[in-house]
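Have a look at the structure below before the remarks.
The values are calculated or read from the model by the stated rules, or taken from the named source; none is laboratory data. Remember, it's a predicted structure, so these values are computed and weren't measured experimentally. Please note: Cβ atoms are built from the backbone with ideal geometry, for glycine as well, and neighbour counts cover all protein chains shown. Side chains are part of the model used for accessible areas, which takes the heavy atoms of the whole protein and leaves out ligands, DNA and RNA. Shrake-Rupley method; radii C 1.70, N 1.55, O 1.52, S 1.80 Å.
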Amino acid sequence: MQDVHGNTLGLKQSQLHALRRTYRRRVDAEQVVSPELARHLAEISHETNRQVGVLLDRKGDVHSVIVGDAHALELPDVGRARAGSHRLRGLRLVHTHLRGEPLTRDDHTDLALLRLDLVAAVEVLAGGLPGKVHLAHLLPENAEGALWKDETVASVHDLDYHALEGSLALEDEFARAGAARRTGGRERAILVGVGGRGRDRADAEASLEELRELARTAGVEVIDASLQMRRDPDPRTLIGKGKLQDVLVRSMQLMADLVIFDADLSPSQAIHIAEATNLKILDRTQLILDIFAQRAQSSDGKLQVELAQLKYLYPRLAGRDDSLSRLAGGIGGRGPGETKLEIDRRRVRDRITALERRIENLSADRQVRRKRRNARGLPVISIVGYTNAGKSTLLNALTESDVLVEDKLFATLDPTSRRLRFPRDREVIVTDTVGFIRDLPEDLVSAFRATLEELGDADLLLHVADASDARLDDRVKAVEKILGELGLLETRRLLVLNKVDRLPPGEGEALAHARGGVAISAVSREGLPGLLRACDRMLWADGKKVLGEGAPGEAAPGDGEGRHDPARGDGRGSAADAPPRLLPHVAPLVRRGA
Ligand SMILES: Nc1nc2c(ncn2[C@@H]2O[C@H](COP(=O)(O)OP(=O)(O)OP(=O)(O)O)[C@@H](O)[C@H]2O)c(=O)[nH]1
Ligand SMILES: [Mg+2]
């Protein structure tokens, strides 16, 4: 005979025996519970003053017998269903309530978490007889957004819910809803935003909106998004228990494949959530890393991303095996890098070491290249800014190149440099690189440290910002914060408000004026001459003027003749009024990462 689960301590032998005998009982497959079984459970419950329950399978056999305390009972581990499946557990819970209470939050949690076919609570009356029955089963997606249906009947004789038929019909509906949503084989995600201390609702919403863009960029279909405001994050699961329950049921109603949190989950939170929900979990950093992994082109970039992914994953490799694979399997089951994910921690550790070594070597090469370039003495203008601000578009507009431009986040990962000729045959190198994002994951900053360090060579930073974005000032601040972290606030910097073609005439200039920057449109090219004049002034008007002139081997014919000398003038007008010769003196210089 199987064991009785739960709180059996202190029970009399006769009580234990009665509980064990429960395994011999069975009910009709369509019956929620038989009057006889209900009476049996109520009786023991009354006598022990503990909740007593059974899990019944679809044939109506008793799968487990559980005893709790007066208020609750804890179910044994019955395994978990896979996320993205329309199946229910195939078990229904029938248990007693001693205080005449309706279904509790725990009851609903078990229903959702374990995907039980249904949960029923039989009230135990004063004399130990069964009274009212409370019943709940999950619901498919509905206009009201209800997660389950609750029902109460006066007695066990009034139960008319067909347990088997009801469960099968429900599974059919889940399957149908899932099929309707499954489009193009893309993974479907539920986004969960979190706000609270240090992040007000507006801020949390903006961040969630950005997470949506990130998800879109990653090729994930967002089917639901919700926000939880909470003063203190739950140390175990970040969001509260009730919220987690909602997410879980939503995930089943909508046949979601994964849940993406707009926060960085600590390793233990990630493990807890994965274990508690059986869902595939991604946090913001992992999502960004996943995008980077998809986008990295150069071997350097690929190694850096894989290293960042593995480093992020490593402390999360302590969970149970199946939650592990759900934490490890990025979007579309991709693991870090090109190799199949090694979930053995020691091998991950070895891989990290090997990657670090290779990256170090590559970075030495890069330094050599940089030195060589610096030896040419050309001033360097680096374009920085929030992702999608139009940095690559600007590089293209200035140098007539065709670097990839996309209305997606992180279109650019690998840095690209181009040569740009200024008036009086002065040349500069313009560099475009990876965009920034608020709360840039630390692991990513360190992964791209080498790339970002190149920004330290810049003589001038063009901070490109999207003037048409309502979040302009936040994003400018976010970028400045990161520049600060990279120790780049000392470098001369010009704020370039881009995309002014999207604003009413004059507005871009007003925004730029208020912020001490210049207004441009990299697409319509308006404002570019002004931008070049400003660069020209900042690079050469204050002691930098020797830079870039007379560099050996690189000098253009006639170099020197156009040397800027405000006192003398150069015969072609001052820097301020000479229309910069944008093109056609443009030649690609280096293209790393190809
Ligand atoms: N209307 C308008 N759209 C622009 C302008 N500049 C860029 N865009 C658009 O903005 C989107 C992003 O441009 P990118 O140049 O790829 O931006 P980025 O800053 O390099 O972005 P990442 O490399 O992803 O960080 C593209 O759809 C561009 O066409 C502009 O001046 N006006
Ligand atoms: Mg770009």
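Quick rundown of the values:
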read-out	value
Computed label-point distance, nm, for sites D402 and L16 using a 7 Å Cα→Cβ extension	8.1
Principal axis dimensions, largest first and in whole angstrom, of the range 436-489 by Cα	32, 27, 14
Cα-based shape type of the range 30-135, given that a ≥ b ≥ c are square roots of the gyration tensor eigenvalues and the cut on a/c is 1.5	prolate
Gyration tensor (alpha-carbon) shape descriptor, the range 143-273, a/c threshold 1.5	oblate
Accessible area in the full protein assembly, largest first, 1.4 Å probe, for H108, H95, H5	H5, H108, H95
Among the listed pairs K302/K371; K391/K477; K280/K408; K302/K477; K132/K243, those beyond 20 Å (Cα-Cα)	K302/K371; K280/K408; K302/K477; K132/K243
Filtered trypsin sites (Lys or Arg not before Pro), the range 47-80: DSSP coil and at most 12 other beta carbons within 10 Å	K59
Per residue, in Å², the accessible surface of the range 1-82 once ligands and nucleic acids are set aside, probe 1.4 Å	51
Label-to-label distance, nm, for residues given as E144 and A354 (7 Å Cα→Cβ offset)	5.7
Globularity ratio of the range 219-326, using Cα Rg and 2.2 N^0.38 Å	1.12
Pairwise FRET efficiency - D77 versus E209, Cβ, R0 = 41 Å, nearest 0.05	0.60
Difference of contour (0.36 nm per residue) and Cα-Cα distance, S298 to R230	20.3 nm
Calculated FRET efficiency for the pair R216/D158, C-beta based, R₀ 60 Å, to 0.05	0.75
Cα gyration tensor category, rounded, prolate or oblate, for the range 424-528 with a/c compared to 1.5	oblate
Stretchable slack from L9 to R347, in nm (0.36 nm times residue separation minus alpha-carbon distance)	117.3 nm
